[in-house]
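One structure below.
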Amino acid sequence: MNKIDDLTPIDRELLIKKYGSLDKIKDQLESHYPIQYLIGNVNFYGYDFLCDERVLIPRFETEGLIEKTISYLKELKLENAKVLDMGTGSGCIAITLKKELPNVQVKAIDISNDALDVARLNAKNLDVSIAFELADIFKYESQDKYDLLIANPPYIAFNEEVDESIKYEPEQAIYAEDNGLIFYKHILKIAPKLLNDKSLIAMEIGYQQGSILKTYAKEYFPNAKIIISKDLALKDRYLFIINE
Ligand SMILES: C[S@@+](CC[C@H](N)C(=O)[O-])C[C@H]1O[C@@H](n2cnc3c(N)ncnc32)[C@H](O)[C@@H]1O
């Protein structure tokens, strides 16, 4: 998709407006440099998010995570949820939840100061208040209890083949040890301490990770309702754990 001839008319227009001519960015387009970074922002769930090399480009699949999470929060009557977004990147999950459900109270953590700078700018531009904090998921502790833990953590195994364009995105936003599972295992381990009795865990997952994650989820939450659901391409993409 990154060659000049493959550009959509809208992207072509935005790029010409920004760079004057496509000739200036021809080399980057030919080498699969992401168009979203060249344009400098991306539309996510109807909102414009700044995005550059400091953050993962918000993905279409993650919109599905938010849509389903909102629907579960409504079912559970948790529209006022206290939310923890783990690995916030551009802030797209935290900010969109706050835009869509203004009564939620959102804390968002990331290990990257650069990512948090982008997330803070996005929150400011979209006029929402989020408590951003520099923190490592693997060392994270909190006295606070949450109603929703939400995460789209890094989940690509180091030996997995990926698209050319992914090499321009921050490595620590993409790859994870233990066949891509290490973040899920840790989040599931610490979640019982972080959550209120009635609560929800919502995570985006790799399309081949559904059944193993369902098994882990059952170990940590034997009494919960555990749901693996699919994205629009009908691939396993989301893990929901509902504690009622
Ligand atoms: C896949 S990206 C998701 C970004 C954003 N939530 C989204 O859905 O587009 C994962 C994020 O986790 C962050 N991250 C990686 N390792 C982390 C860690 N140990 N603790 C906290 N955040 C981490 C990365 O910096 C990155 O922003």
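Listing for the model above:
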| item | result |
| --- | --- |
| Built amide H within the under 5 Å cut-off of residue 237, gap 5+ | 229, 230, 231 |
| Percent antiparallel among DSSP beta bridges (both partners in the chain, rounded to 5) | 45 |
| Cα-based reach from residue 24 at 18 Å (exclusive), listing lysines while leaving out same-chain residues under 8 positions away | 3 |
| Global geometry of the range 60-243, whether rounded, prolate or oblate, following the gyration tensor of its Cα atoms and the 1.5 cut on a/c | rounded |
| Acute angle (nearest 10 degrees) that the helix 113-125 long axis makes with the longest principal axis of the chain, alpha-carbon atoms | 90 |
| Spatial separation of Cα centroids for the range 175-226 and the range 89-117, in angstrom | 20 |
| Rounded if a/c under 1.5, otherwise prolate or oblate - the range 117-210, Cα gyration tensor axes | oblate |
| Cut-off of 10 Å, at most 16 other beta carbons, DSSP loop: longest stretch of the chain lacking such chymotrypsin sites (Phe, Trp or Tyr not before Pro) | 1-139 |
| Set 68/218; 185/235; 82/167; 74/145 screened for pairs whose C-alpha atoms are more than 26 Å apart | 82/167 |
| Cα-based reach from residue 193 at 12 Å (exclusive), listing aspartates and glutamates while leaving out same-chain residues under 8 positions away | 141, 144, 147 |
| Helix 210-220 vs. the chain, principal-axis angle (Cα, 0 to 90°, nearest 10) | 30 |
| Relative contact order computed over the range 38-94 (Cα-Cα under 8 Å; 6+ residues apart), in percent | 34 |
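All of the numbers you see were taken from the coordinates with simple rules; none came from a lab. Predicted model, so just to flag it, every value in this text is computed and none were measured. Here the Cβ is made from the backbone with ideal geometry for all residues, glycine too, and neighbour counts use every protein chain on show.
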